[in-house]
Amino acid sequence: MNAAPALFAYAAVVGTLAPGVMVRCRWPQRSPSLAIGVWFTLAVTFSLSLSLAALNLGDPDAHLHGLVYSCRAALGLGPSADGALARAGVAFSVVLVVAHLVGFTFHAVRAHAARSGHREVLDKVGRRSADLDATVVEHAVPAAYCLPGRQPRIVLSTGAVDLLSGAELGAVVEHERAHVLGRHHLVLSVSHALTWAFPGLPLARQVRGQVPLLLEMAADDRALRRFPRTTVATAMFTMASGEAPQGALAAGGQTVLVRLKRVLGPARAAHPVLRCCVGASAVVAPLLPVLLVCPAGLG
């Protein structure tokens, strides 16, 4: 029995139908960190399903050791139903992995270069504020952003310092600190890797659109643990017009309206049972392609 058709079908469901279901659900906004994990689980599941399907086309009798069988066939070291298909399957899997790595590296390196250049500018025009634990720059528009990485830096404009109260500034700094501590710049680079490999795939488009918003919501949640909702909401509203340079993560921007509605709405976290079910499903999803391959060795 060849598992390739079932694997291709599973990949099609994960890559085209599952994203629509996720976007229509309400629980991701209540548990943004869990939702980010689910989006990446879907991406891994999709790529794994495609790779296993390609390998099984070349070796229909492969089971859990399909990778070894197909590679041996591609190198001419073992029997195979079709040597050319085996080589094509291995080549496809290698290209898929390389595409993900190139996409991640390209975005990470480009963002790092932009942040490095901006740090040099900040060293010249910014002033360090020990009280705020941030760098302050002269700019009338209220803005706040962070430059993550090995030398993280939180940046505030004088407009933000003048307009916000002490508690509101604290909430903004806490939001940016969440981006730094959570290594959110690396999470964004991972999301771009899928888009690089499959630019027209619905799953890739939704990952690239949803993950940045969920990261901002996760940072908002960290601020909400230390400051009242009204304080966080007021700070977000004031910072709404602020933008960040390339490679940085900002408290303001185009997502503020959605996040404001969330912060000012009823404080409802996702039910523990729902979180457990979603977490279990996220664990099982990548295992299903492997389970689909198992019967291939028994047919």
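So the values come out like this:
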| quantity | calculated |
| --- | --- |
| Options 248, 269; residue that is modelled with pLDDT under 85, more than 27 Å from residue 114 (Cα to Cα) and small (Gly, Ala, Ser) | 269 |
| Residue check, residue 272 out of contact with any Phe, Trp or Tyr (no Cβ under 6 Å at 6 or more places or on another chain) and within 24 Å of residue 142 (Cβ to Cβ) | no |
| Residue tally, condition closer than 24 Å to residue 90 by Cα and assigned to a loop (DSSP other than H, G, I, E, B), over the range 1-51 | 3 |
| Test: residue in the range 277-296 that is farther than 30 Å from residue 101 by Cβ and in a helix (DSSP H, G or I) | yes |
| Residue list for the range 97-117, restricted to those being over 18 Å from residue 177 (Cβ atoms) and surrounded by 18 or more Cβ atoms within 10 Å (Cβ to Cβ) | 100, 103, 104, 107, 108, 111 |
| Residue in the range 156-173 that is at pLDDT 90 or above, charged (D, E, K, R) and assigned to a helix (DSSP H, G or I) present | yes |
| Members of the range 136-150 found to be closer than 15 Å to residue 249 by Cβ and more than 21 Å from the chain's Cα centre (by Cα), listed by number | 143, 144 |
| Breaking point among (1) surrounded by fewer than 18 Cβ atoms within 10 Å (Cβ to Cβ); (2) at pLDDT below 90; (3) assigned to a helix (DSSP H, G or I); (4) in contact with a helix residue (DSSP H, G or I) (Cβ under 8 Å, 6 or more places away or on another chain), for residue 141 | (3) |
| Subset tally (residues that are hydroxyl-bearing (Ser, Thr, Tyr) and over 27 Å from residue 51 (Cα atoms)) for the range 176-200 | 0 |
| Within the range 6-18, tally of residues that are closer than 28 Å to residue 185 by Cβ and either surrounded by fewer than 22 Cβ atoms within 10 Å (Cβ to Cβ) or small (Gly, Ala, Ser) (or both) | 2 |
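The values are calculated or read from the model by the stated rules, or taken from the named source; none is laboratory data. In this text the structure is predicted, and so the values were computed from the model without any measurement. Cβ atoms come from the backbone with ideal geometry, glycine included; neighbour counts cover every protein chain shown.
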